[in-house]
1. Considering only segment 298-312, I want to know if a residue exists there that is under 17 Å from LEU129 (Cβ atoms), surrounded by 15 or more Cβ atoms within 10 Å (Cβ to Cβ) and either β-branched (Val, Ile, Thr) or modelled with pLDDT under 95 (or both).
2. Considering only residues that are out of contact with any Gly (no Cβ under 6 Å at 6 or more places or on another chain) and assigned to a helix (DSSP H, G or I), which ones fall in segment 110-125?
3. Just to verify a result, which residue in segment 334-355, among those that are among the polar types (S, T, N, Q) and touching a strand residue (DSSP E or B) at 6+ places or on another chain (Cβ under 9 Å), is surrounded by the most Cβ atoms within 10 Å (Cβ to Cβ)?
4. Restricting to segment 54-69, give me the number of residues that are buried (at least 22 other Cβ atoms within 10 Å of the Cβ) and of a type in the set (A, V, I, L, M).
5. Of the residues ALA223, ALA237, which single one is among the small types (Gly, Ala, Ser) and either farther than 27 Å from ILE401 by Cα or without any contact (Cβ under 8 Å) to a residue 60 or more places away in the chain (or both)?
6. Give segment 281-300 a look and list any residue that's more than 23 Å from the chain's Cα centre (by Cα) and part of a loop (DSSP other than H, G, I, E, B), or say none.
7. Can you say whether ALA109 is within 14 Å of ALA308 (Cα to Cα) and free of Cβ contacts under 8 Å to residues at least 40 places away in the same chain, as far as the supplied structure shows?
8. Need the failing condition index for SER128 against (1) assigned to a loop (DSSP other than H, G, I, E, B); (2) closer than 21 Å to LEU212 by Cβ; (3) polar (S, T, N, Q), just the number.
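The values are calculated or read from the model by the stated rules, or taken from the named source; none is laboratory data. Keep in mind the model is a prediction, meaning the values are calculated, not measured. Using ideal geometry, Cβ is built from the backbone for each residue, glycine included, and neighbour counts are taken over all protein chains shown.
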Amino acid sequence: MDKRHFIKSLAGLSFAATPFFRELEAFVRNYDDITPQDIAKDELFWERIRGDYRLKKDYINLENGYYCFIPQPTLEHYLDHIKEVNTQGSYYMRTVQWENKAKSAAALAEIAGCDEDEIIITRNTTESLDTVISGYDWQEGDEAVMAQQDYGAMINQFKLMSRRYGMVNKTISIPNHPKSDAKIVELYERAITDRTKLLMVCHMINITGHILPIKKICDMAHARGVDVMVDGAHAFAHIDFSLHDLGCDYYGTSLHKWMSVPLGAGFLYVKRGKVEGLWPMFAEWNVEDGDIKKLNHTGTHPVATDLAVLNAIQYYELIGAQRKEARLRYLQNYWTDQVRDVPGITVNTPVERHRSCGIANVGIDRLKPKEMSSMLMDKYNIWTVAIDGAGVHGCRITPNIYTSLTELDHFVTALREMA
């Protein structure tokens, strides 16, 4: 679908176009003939985008990976949704809440590259993927494959299934600097046996920003008769891709990260034909076994967030997926290129451009990660998060599209002084 037609269709679903969005669309239209790579280096363009964010002056936020907080235009719409739902009360809840949630899910399907009946809105990645893990009809001796670098909540869910059903978890370790895609695929393939039912893999490893070759892993696993579940918490609305092109069976993400939706929203994708094999976490009302909605019952939830999904998508589309990806990759390479060869500094993210985007991890050889993060905050007013495990020792650095080069220059200076 043409981008502007898609934006207008979103506006018609939940709200009329505001002066802000008309102004932003007019501004962005001036850049239609400029490549995303060139716009990535245009500081005037991104200074305009920065103006949409309310930023604390106490510190530089380089920890957007946990929660990419909401730009003001989306936030204002979200507050309006809260007020409107509160005004209508049970009338809204008993009449249009599910219709509106379905419209938001359909918009997500358009962005994600899947069909409407393959996606549901959840509360976050953990709920999405744990729904799949707990939904499998595990038998004693069945096996699942995952990596040390996977997110702890999902690893813990697999451990719970092992305790409950006697299934077996096999864990590999992904190198920070792989020699090739083939080597990564081989690591997973060596762990597969005739008892393997499910393979979990990160689209983008949260602690290093390493982008894994999902399509190649899926092709290998499917040839061995194994389903693939992808943790896309940091990939969706960060890098541009299509779920159908990836070829995975299940995909979960959090919309409060790179889509900048209010807290409490994510999605779960289940490939057509795979829903029947999953048990729901909670029983649903009169839903066919092959309908993905059977996995979506959580009781009463904050429905204003469902509406804000549309506003966040509209903002994302106005900026442009390829522009956003190019900017985030440019920001990461801007600072990592300056410190990779500095004695005493270790970058735990692959150097190849296609293997990462906005997220990277850096360590100071003489400092423990917690000491490093504390010093960055206390001495340099830079907020990060320490990572110390799974072969990764350093601070995860996650700028956002509002981050300026001046802020990254300050960060580079801090790293050099600390080293």
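1. Start the filter on segment 298-312 by keeping residues that are under 17 Å from LEU129 (Cβ atoms), which leaves 298.
With the extra rule that they be surrounded by 15 or more Cβ atoms within 10 Å (Cβ to Cβ), the set shrinks to none.
Looking for residues that are under 17 Å from LEU129 (Cβ atoms), surrounded by 15 or more Cβ atoms within 10 Å (Cβ to Cβ) and either β-branched (Val, Ile, Thr) or modelled with pLDDT under 95 (or both), one finds none in segment 298-312, hence no.
2. Taking segment 110-125 as the starting set, the residues that turn out to be out of contact with any Gly (no Cβ under 6 Å at 6 or more places or on another chain) are 110-121.
Within segment 110-125, GLU110, ILE111, ALA112, GLU116, ASP117, GLU118 qualify.
3. Keep residues of segment 334-355 that are among the polar types (S, T, N, Q), which gives 336, 338, 346, 348-349.
Pick out the ones that are also touching a strand residue (DSSP E or B) at 6+ places or on another chain (Cβ under 9 Å) and you get 336, 346, 348-349.
Values: THR336: 21, THR346: 17, ASN348: 22, THR349: 27.
Here the residue is THR349.
4. Residues flagged as buried (at least 22 other Cβ atoms within 10 Å of the Cβ) and of a type in the set (A, V, I, L, M) within segment 54-69 amount to 2.
5. Answer to the check: ALA223.
6. Just the residues of segment 281-300 that are more than 23 Å from the chain's Cα centre (by Cα), to begin with: 282-291, 294, 299-300.
Once the filter is applied, which keeps residues that are more than 23 Å from the chain's Cα centre (by Cα) and part of a loop (DSSP other than H, G, I, E, B), segment 281-300 yields PHE282, ALA283, GLU284, TRP285, ASN286, VAL287, GLU288, ASP289, GLY290, ASP291, GLY299, THR300.
7. Details: within 14 Å of ALA308 (Cα to Cα): no; free of Cβ contacts under 8 Å to residues at least 40 places away in the same chain: yes.
Against the criterion (within 14 Å of ALA308 (Cα to Cα) and free of Cβ contacts under 8 Å to residues at least 40 places away in the same chain), ALA109 does not qualify.
8. (1)
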